[in-house]
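Asker: The structure's right below; bear with me while I get my questions together.
Since every read-out is calculated from the coordinates, none of them should be taken as a lab result. Remember, it's a predicted structure, so these values are computed and weren't measured experimentally. Neighbour counts run over all protein chains shown; Cβ positions are idealised from the backbone, glycine included.
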Amino acid sequence: MVIIFDSEGRVIHLNNACQEVTGYSVEELKGKPIWDLLILPEERENVKRVFDELVRTAASNRYENYWRSKDGSLHLISWSNTVYRDPVEGVKYVIGTGIEVTDHRRTQEALEDLNQKIILLHETAHRLGEMTKEEDVYQLTVHAAEEILGFPLCTLDICEEDKLVPKAMANGVPPGASQPVPLSEETLA
């Protein structure tokens, strides 16, 4: 993506990739400050500060921020910005080249979450290997399942003969507080 601004942050031109991401044409954005249309309200002051610093120092920078497109969707953009200086007039243009990293960031966050779950599984396996009481094994298993799945509706039931016997529950109900349930198709449904 490529977008060109004047030294006040008003759009001069944007390439087709920017138009596709934003849903706006060059004509719709031309002459308008970028922060009025595409920048999230909570990010506007920071984006203005980064822009002003770029114009003031004429030093290239890298920056990430969200753009809200015409249809309301959010896009995380990783920017590399530079300025074009006229020897007489000073900074004439700010040129931003960006890459949409929304999907990459979501994938990265999902991998980090998965990695945390794998670490929890390894820690749980290690702790289970050290336990000596059956009740502790049940409770740790339910707690780990609750952490990994992300909701507290976990219970550990054991089949004993023709009954389903609760052994541990995530909500802290102690084993034995619930009565065994006859094992049938209705129970398992």
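Asker: Across the Cα atoms of the chain, what radius of gyration and what greatest pairwise Cα-Cα distance (Dmax) are found, in Å?
Answerer: Cα-based Rg and Dmax for the chain come out at 28.3, 91 Å.
Asker: So which lysines pass the test for LYS32, namely a Cα distance under 24 Å, with those fewer than 8 places away in the same chain ruled out?
Answerer: Within reach: LYS48, LYS70, LYS92.
Asker: Right, next: Which percent, to the nearest 5, of DSSP beta bridges fully inside the stretch 1-94 are antiparallel? Can you show the working numbers first?
Answerer: On the way: 19 of 20 bridges.
Percentage antiparallel, nearest 5: 95.
Asker: Quick one: of the DSSP bridges fully inside the chain, what percent are antiparallel, nearest 5?
Answerer: For the chain, the DSSP antiparallel bridge percentage is about 95.
Asker: Equivalent ellipsoid semi-axes for the stretch 75-128, as square roots of 5 times the alpha carbon gyration tensor eigenvalues: give them largest first, rounded to whole Å. Before the final figure, lay out each step's value.
Answerer: Numbers: eigenvalues 457, 23, 4 Å².
That gives 48, 11, 4 Å for the three semi-axes.
Asker: Could I ask something else about it? Using a 10 Å cut-off around each Cβ, can you sort ASP157, ASP136 from fewest to most neighbouring Cβ atoms?
Answerer: ASP136, ASP157
Asker: Just to compare against my own numbers: the Cα pair-distance distribution for the stretch 1-51, 10 Å bins, whole % per bin, please.
Answerer: 27, 56, 17
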